[in-house]
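The values are calculated or read from the model by the stated rules, or taken from the named source; none is laboratory data. Everything numeric here is computed off the predicted structure, so don't read it as measured data. Neighbour counts run over all protein chains shown; Cβ positions are idealised from the backbone, glycine included.
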Amino acid sequence: MNITQENIDELNAVLKVKVVAEDYLPKVEGALKNYQRKATVPGFRPGKVPTGVIKKMYGKSVMVDEINKLLNDSLYKYINDNKIEILGNPLPKADDKTVIDWDNQKEFEFMYEMGLAPKFEVELSPKEKFTYQTVKIDDELVNKYVTDIAKRYGKVEQVDAAAEGDLLNGDFVELDANGEILPGGVFKTSSVFLDRVKPEAKKAFIGLKVGDKTVINAQDLTANAVDLASMLGLEKEAAESFNSKLQFTVKGVSRLAASEINQELFDKIYGPGNVTTEEEFRMKIREELSGMFVNDSERKFYNDVVDRLMSKVNFNLPSDFLKRWIVAVNEKPVSSEQVESEFDGYAKGLKWQLIENKIIKDNNIAVTKEEVMDHTKNLILAQFGKMQQMPMSDEDLENTAKRVLGNEEEAKKIYEQVYGQKVMTLFKTKFTLENKEVAYDEFFNTAK
């Protein structure tokens, strides 16, 4: 077998593969012998079918299969041996019009297109300055979370008239153009949470009592088609265009009354006797908030670095090849128009993946199995903590982590997380960071 590479430009190349009989005949003959041992053909005893009959029945298909296997193995061996960095996988050359005569041909030539990874450099320098923002845990933020917790652990009460934040239960019926009930139209007993409806709808519901009715346009209820579909018992697609008038009859008004800030609340959240005063309760919340926003600060810094590097590191991709490759490997049929419309997003993700891989390679970042196991255990423990379950034994934790990592997809995600953590640590050592504490609203407005 002879493989030669022809570079079209810096990003595209063609591999020419010449295959002669000596390359594939031994494999074909071996495969046919296996067929001969197993074949059941009328008129012959099992395993005694003549070689000529087997060749006539299976020879061509076996030869095609063995040549395809040979091509696949040889292509990737050539790419690995020559350390060629490719994007996607080699594809049969699009404009190759060669007609193969599988019955008579002994020698074959195949041509494959390759998309080559671009060459570029990534500089991580202290000259690059970033603001590392953290959320300021002030009294206003603590008070907000105390209020939220009190509501979360509060009690639902039935009230006379609807106000902001209440939940109304009742019946929706669809009306016709004359304001009469439409026979066969929407009729649904449902709930309306006033904090989740549009301002126009909220005004129509405020002040309503049991037995009261109000009329509202369906599209004024909510901007979310999924919520509207659930509210009216429709499919999402139908809800998107449903624009009828609706009459709502109130059957009940519920209000969540906040829990008192007392020992009963402290015990529910932190266990009996662990927090005994409101001051301790607020300090506990302050500590939790400090830890809660760490991931948000890390994520914002990481995104800032990604944006900066994406704008500074410039290179091209073999776009035409990649578009053909996406169509070829997609499990479901995809049109060239669809690929064209979505390609910019794909190219952006691929560009960052290449930059990150270059950073990992240049800085000799590696992840060990032990590090992945430890990270997996921490994830499991964190999940158990959220579920407030009994402590897990070391043996159970070890076995659970092994089961998680036994799932190839989950293992890949966890490896990526550990690599991501190491890349983040590298960024903090390579760049100049200015720490800045900002108010909650300012942080999340800028993080968007």
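Filter the range 401-448 down to the residues that are among the aromatic types (Phe, Trp, Tyr) and either within 23 Å of the chain's Cα centre (by Cα) or on the phi > 0 side of the Ramachandran plot (or both) and list them by number. I'd like the intermediate steps shown before the answer.
Quick first cut of the range 401-448, residues among the aromatic types (Phe, Trp, Tyr) only: 415, 419, 427, 431, 440, 443-444.
The answer is TYR415, TYR419, PHE444.
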Residue in the range 21-69 that is farthest from ASN2 (Cα to Cα), counting only those that are buried (at least 18 other Cβ atoms within 10 Å of the Cβ) and of a type in the set (Asp, Glu):
GLU66
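Conditions (1) surrounded by 13 or more Cβ atoms within 10 Å (Cβ to Cβ); (2) over 30 Å from LYS312 (Cβ atoms); (3) in contact with a strand residue (DSSP E or B) (Cβ under 9 Å, 6 or more places away or on another chain), marked per residue:
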{"site": "ILE360", "(1), (2), (3)": "yes, no, no"}
{"site": "ASP394", "(1), (2), (3)": "no, yes, no"}
{"site": "LEU397", "(1), (2), (3)": "yes, yes, no"}
{"site": "ALA401", "(1), (2), (3)": "yes, yes, no"}
{"site": "LYS412", "(1), (2), (3)": "no, no, no"}
{"site": "GLU416", "(1), (2), (3)": "no, no, no"}
{"site": "LYS422", "(1), (2), (3)": "yes, no, no"}
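Would you check if ASN104 is surrounded by 12 or more Cβ atoms within 10 Å (Cβ to Cβ) and polar (S, T, N, Q)?
Details: surrounded by 12 or more Cβ atoms within 10 Å (Cβ to Cβ): no; polar (S, T, N, Q): yes.
Judged against the criteria, ASN104 is not a match.
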Out of LYS83, LYS77, which single residue is among the basic types (Lys, Arg), outside any loop (DSSP other than H, G, I, E, B) and either in contact with a Lys or Arg (Cβ under 7 Å, 6 or more places away or on another chain) or closer than 25 Å to ILE326 by Cα (or both)?
LYS77
Helices (runs of 4 or more DSSP H) fully within the range 212-324 counting 2 or more residues that are under 30 Å from TYR132 (Cα atoms) and not assigned by TED's automatic domain parsing to the domain that holds GLY184:
278-292, 294-312
Output the number of the condition that LEU433 fails; it satisfies all remaining conditions of (1) exposed (fewer than 11 other Cβ atoms within 10 Å of the Cβ); (2) closer than 18 Å to PHE130 by Cβ.
(1)
